[in-house]
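Report on the structure given below.
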Amino acid sequence: MRSMRPVLVAVALLIAAATATACAPGAHALTITIHYSGFDPAELQVPRGVPITFVLVNEDPIDHEWLIGDDAFHEAHRTGTHASHGDVPTEVTVPALETAETTITFDEPGTFAYICHLPGHEGYGMVGVLTVQG
Amino acid sequence: MRRPWLSLLAASAALLITAAPALACGGLIGPNGAVNLLRTTTFAGYHDGVEHYVTSFEFAGGGGAFGSITPLPGIPTDVVRGGDWTLQRLVLETDPVAERALSRDAFAAAGASEAEVLLETTIDALDITILRGGGDEVGLWAKNNGFRLPPDAPEVLDFYADRSPIFMAAAFDADAAAERGQAIGDGTPVHLTIPTDNPWVPLRILGLGKADAEVVEADVYLLTDDRPAMLPNAGAFGESAGLILDHSRPATDALLTDLRSDDGMEWIPREAWLTKVVVDTTAAELTYDLAIDVSGAGKPSAIDAGFAPFGPDPAPRPPVGLYLLLTAAVIVAVPLLAELRGRPASSRPPFAGA
């Protein structure tokens, strides 16, 4: 049995690596893919009080936005004139065929929409809903 | 109807297309988000394996740079200024009362980047670029040249690129046009010569950038040796939603003579069948193109019409983790088997159920 130890160690390491790859980017990270001007998934649930890293993968050859907030937040952005976002964690511009990340901690339970406010995109269906569980 | 010399031509058909006022041939949206090209009129003729494509964009006013994008069935060998009256003459042939003003355009220069630039030329205030690339490449080219595509563009560009990755981008500089003295409503016809065995009429692109409920209207003129087979099959008024067969009869000598006398139109055959199909549907319903069989077999392609996918779907790629697990299994199995082979038979552990 002694001759099998190196093999078992190697197997354990490989399985650990495989598991890490499959679960990337981690327990508190969520990946949202943008394809054909749609969010996938379009519904999410997260716990409150926990930093969540959103990995936003834009598979489209056009720019998109990922803006998350309440109704008042989105109403303000529907008439906004920001060419791009990035300074505020809840407002992210995702350039064409690129990936962006942002980390947000939701302190209170509630429901928030994430929307792309580029012209015509919300009407086309670029809307998702995130629920913060209490 | 068929003459001997015509019957010897494998694909001797002419395909004529003109577009009604709402026909915007795929909007590249300007930086301000407005689509300034309200109207595009297009003509394409297919004869002896060569498609002659003439399109004209009406300048609807405004400033800055904007343009449009049009999928093509092949790579053009030539792009020149089109004749002045071909489009008008076709409209008059089937709609002599409602005379429609045609357009003359100007486009703005736009350099290529991601997609491969096959040809560039300037006609009046229009800058024409022929691109080869997938939907992503063409989309990036548009972005890098200052245009913002509408949200449905990624899917629509892929829809076309799967079948023919050739696009014509036409950029228009309104300021330059104004300096040239172009007025609102003026247009510049552009004539593309495209060798291809496979003519089809892009219709879905007409709905690009439009809301689902927005109506797309277009007139499509076909000129073929014989009555063409089409997919979808246009029906008569009141019998068909979306595509309406408005005209289907032998082309008159007067029409053919007039068309042939315009610049670059000497290829027009002596006899032909004229068909006019009216597109009148919503953008949400316009999910297809018009496939045409000019071979006489009567079998227009479902792929060309966009009803069938181009080729099989690629096999899904296994995740990296699966590769690692398979590697681990091999690493375990090989030394284990080697060790088992080295032991005496009595010391081997029994297999389950043994």
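A few comments on the model shown:
- Residue among A:Val129, A:Val92, A:Val88 that alone is within 21 Å of A:His28 (Cα to Cα), in contact with an Asp or Glu (Cβ under 6 Å, 6 or more places away or on another chain) and more than 14 Å from chain B (Cβ to nearest Cβ): A:Val129
- Any hit, segment B:272-280, residues being without any contact (Cβ under 8 Å) to a residue 40 or more places away in the chain and in contact with a Leu (Cβ under 9 Å, 6 or more places away or on another chain): no
- Residues of segment B:116-123 include none that is touching a residue at least 24 places away in the same chain (Cβ under 8 Å), within 25 Å of B:Pro195 (Cα to Cα) and buried (at least 22 other Cβ atoms within 10 Å of the Cβ).
Conditions (1) at pLDDT 95 or above; (2) at positive phi, marked per residue:
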residue: A:Glu43; (1), (2): yes, no
residue: A:Ile52; (1), (2): yes, no
residue: A:Asn58; (1), (2): yes, no
residue: A:Ile62; (1), (2): no, no
residue: A:Trp66; (1), (2): yes, no
residue: A:Glu75; (1), (2): no, no
residue: A:Gly86; (1), (2): no, yes
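- Considering residues of segment B:201-259 that are acidic (Asp, Glu) and at pLDDT 90 or above only, the residue surrounded by the fewest Cβ atoms within 10 Å (Cβ to Cβ): B:Asp253
- Each residue in segment B:244-289 was checked for being more than 30 Å from B:Leu208 (Cβ to Cβ) and assigned to a helix (DSSP H, G or I), and 7 pass.
- Subset of segment B:158-179 that is in contact with a strand residue (DSSP E or B) (Cβ under 6 Å, 6 or more places away or on another chain) and modelled with pLDDT of 90 or more - its residue that is surrounded by the fewest Cβ atoms within 10 Å (Cβ to Cβ): B:Pro165
- Here the condition is being under 17 Å from B:Leu203 (Cβ atoms), polar (S, T, N, Q) and either in contact with an Asp or Glu (Cβ under 7 Å, 6 or more places away or on another chain) or surrounded by fewer than 20 Cβ atoms within 10 Å (Cβ to Cβ) (or both); of B:Ser301, B:Ser295, it holds for B:Ser301 alone.
- Scan segment A:33-65 for residues that are within 14 Å of chain B (Cβ to nearest Cβ), assigned to a strand (DSSP E or B) and out of contact with any Pro (no Cβ under 8 Å at 6 or more places or on another chain) and the total you get is 7.
- Residues of segment B:137-147 classified as more than 7 Å from every other protein chain (Cβ to nearest Cβ) and either under 19 Å from A:Phe39 (Cα atoms) or among the charged types (D, E, K, R) (or both), total: 1
The values are calculated or read from the model by the stated rules, or taken from the named source; none is laboratory data. All figures in this text were calculated on a predicted structure; none of them were measured in a lab. So basically every Cβ, Gly included, is an ideal-geometry build from the backbone, and we count neighbours across all protein chains shown.
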